[in-house]
Amino acid sequence: MKPLEGIRVVDFSWVLAGPICTRYLAFMGAEVLKVESHRRPDPSRRGDGFQMLNQNKRGVALNLSTPEGRALALELVKKSDVVIENFATGVIDRMGLGYDVLKAANPQIVMVSSAGLGHTGPERGYAAYGTLIQAYTGWSAIQGYPGRKPIIGGAFTDPAAGTWLAGLIASALYRRKQTGEGAYLDVSMAEVTINLLAQPLMEYAITGAVRQPQGNRDDWFAPHNVYPCAGDDQWMAIAVTNDEEWAGLCKALGLELASDVRFQMALGRWKHQEELDSIISEETRRYTVTELFARLQRAGIPSGPCYDLAQINANEHLVERGFIHEYTDNRGRKVNIPSIPWQIESLPLPAASPAPELGQDTEYALREILDLTPEKIAELQKAGVLY
């Protein structure tokens with residue numbers, strides 16, 4: 001039995017954080033009803049990522065601008081366990097589907113509302129996307145290299161928030177099992193991101209020191225960088241964290257540095273990073289990425305190739321674990337994509353059904369969940385309540 005089998009989720013979320021969360025819930029066995037409208041479908045439908053983030057979900061299309069459409073959504077909530085939305089603050093309330101309304105209809109409902117800056121506080125209504133949240137939270141201020149403008153990088157805040165949301169929902173469902181009570185979860189993507197900055201934030205709180213960008217360097221450890229390998233734009237990340245690893249690196253690369261007083265202790269290696277990186281780079285250039293990775297791992301040195309996405313897609317280790325697997329999307333294309341990032345003993349990796357077309361399961365939801373007759377469904381379609 002899957003962990004969330006028997007749980008039904010009404011999913012109003014879109015783009016990244018919410019769909020990432022509900023994808024995990026769906027793979028855990030929950031029935032996820034992705035509710036959209038033709039007027040305002042999930043914007044991520046324009047991109048190929050939609051195909052992965054919305055696997056194993058059912059597509060329901062309702063005209064939520066009509067009282068009848070909102071009433072149908074509320075009826076679905078009555079027969080569900082979880083509601084998730086990540087609209088801008090206040091939107092779900094203006095739609096007449098805020099927590100107070102949902103709780104009155106279903107006292108045991110678990111509702112999750114995710115927003116860039118949360119749903120309380122003076123900036124609660126500000127528009128924000130994941131990449132902008134990185135700037136707001138101070139993450140961008142410590143990325144990149146000294147003397148250069150701040151960088152944003154990829155939208156990693158959305159996957160982080162989506163993962164937290166899934167865990168929060170599971171914990172709220174467990175609490176409901178113990179108490180019989182539903183819950184409202186207000187999640188701020190900014191606060192999720194700030195929680196990832198424990199070290200620099202505590203450093204500031206205790207010492208008053210404001211962390212500055214340091215490229216690929218570390219606060220304490222050296223060598224800690226990416227180093228060139230043979231070939232065009234080929235790199236190896238190496239992180240030495242103690243004297244034993246340092247001795248192993250010297251042996252693996254044939255470096256006559258074990259007796260060099262500059263590098264014998266961790267503090268000395270950290271103070272002389274420029275010289276150290278230059279020396280190591282001269283040696284790593286002699287090897288291909290594959291050769292160097294094997295050599296370093298045999299020596300027990302924390303290291304990893306800087307793979308591109310094509311190399312990840314064909315990675316033998318990930319393929320053998322079943323993580324990278326062949327998948328047929330809703331357009332009939334066979335592609336290799338990642339599975340879920342966990343394996344549960346005695347449970348096979350769950351199969352992935354394609355992301356739903358807009359409204360492809362509306363009739364299922366109305367007939368099988370709400371027990372509406374074909375005549376009533378036809379009437380709602382004619383009235384523009386369904387798509």
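Each value in this text was obtained by applying a stated rule to the coordinates, not by laboratory testing. Just so it is clear, the structure is predicted and the values come from calculations on it, not from any experiment. Every residue, glycine as well, gets a Cβ built from its backbone with ideal geometry; the counts of neighbours run over all protein chains shown.
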**Asked** How would you order 334-347, 86-99 from highest to lowest mean count of nearby Cβ atoms within 10 Å?
**Response** 86-99, 334-347
**Sparsely packed trypsin sites (Lys or Arg not before Pro) within region 215-281, loop by DSSP, other Cβ within 10 Å at most 13** = R262
**Complete:** Sorted largest first, the C-alpha extents of region 235-305 along its principal axes in whole angstrom are 31, 21, 18
**Item:** Two-decimal ratio, the chain, of alpha-carbon radius of gyration to 2.2 N^0.38 Å
**Value:** 1.20
**Cα centroid separation - region 244-317 against region 112-178, whole Å** = 34 Å
**DSSP beta bridge pairing in the chain, given as percent antiparallel to the nearest 5** = 40 percent
**Item:** Neighbourhood charge, 9 Å Cβ-Cβ cut-off, centred on V15 and excluding it, Lys, Arg +1 and Asp, Glu -1
**Value:** -2
**Asked** Along the charge dipole of the chain, which of S281, V77, V10 sits closest to the positive end, that is, farthest toward it, with unit charges on the beta carbon of Lys, Arg, Asp and Glu (+1, +1, -1, -1)?
**Response** V77
